[in-house]
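Peer 1: Quick one: this structure, given as structure tokens, is what I'll be asking you about.
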Amino acid sequence: MNTEKLEKIKADLEQSRSWLQEIKNSKASIQFNYNKIFCVGMNKSATESMKAALIELGFPFAPQLPAEMMLKDWAEIRFDKLIDFCY
């Protein structure tokens, strides 16, 4: 990897850390009671990074495997289990 690309990646990472710190500092003003965040994406689309950031901010998260097990229900347009899982 060339030096220019590496420096760009480092700068982007530092900017992301700065934004995350700003969000953490203002965390007290965030209402967690009713907010839900759904992060859905393909492989290598930063979903694990999003999960790590949300955990760092104190958001609870649901495990992925039980939701994946409901794919057949979703395909058959039976959303009751999925809705229950989301609440």
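Peer 1: Restricting the first residue to segment 4-27 and requiring it to be closer than 18 Å to Ala46 by Cα, which pairs with a second residue that is of a type in the set (D, E, K, R) and modelled with pLDDT of 75 or more meet a Cβ separation below 9 Å and a spacing of at least six or different chains?
Peer 2: That search, which allows pairs on different chains as well, returns Leu20/Glu56.
Peer 1: Also, quick follow-up: Which of the following residues is at negative phi and surrounded by fewer than 10 Cβ atoms within 10 Å (Cβ to Cβ): Ala75, Ala67, Ala52?
Peer 2: Checking each option against the conditions leaves just Ala75.
Peer 1: When the residues of segment 10-42 are filtered to those that are closer than 22 Å to Phe85 by Cβ, modelled with pLDDT of 75 or more and not aromatic (Phe, Trp, Tyr), which remaining residue is surrounded by the most Cβ atoms within 10 Å (Cβ to Cβ)?
Peer 2: By that ranking, first place goes to Cys39.
The values are calculated or read from the model by the stated rules, or taken from the named source; none is laboratory data. This structure is a prediction, so every number in the text was calculated from the model and none was measured. Note that each Cβ is placed from the backbone with ideal geometry, even for glycine, and that neighbours are counted across all protein chains shown.
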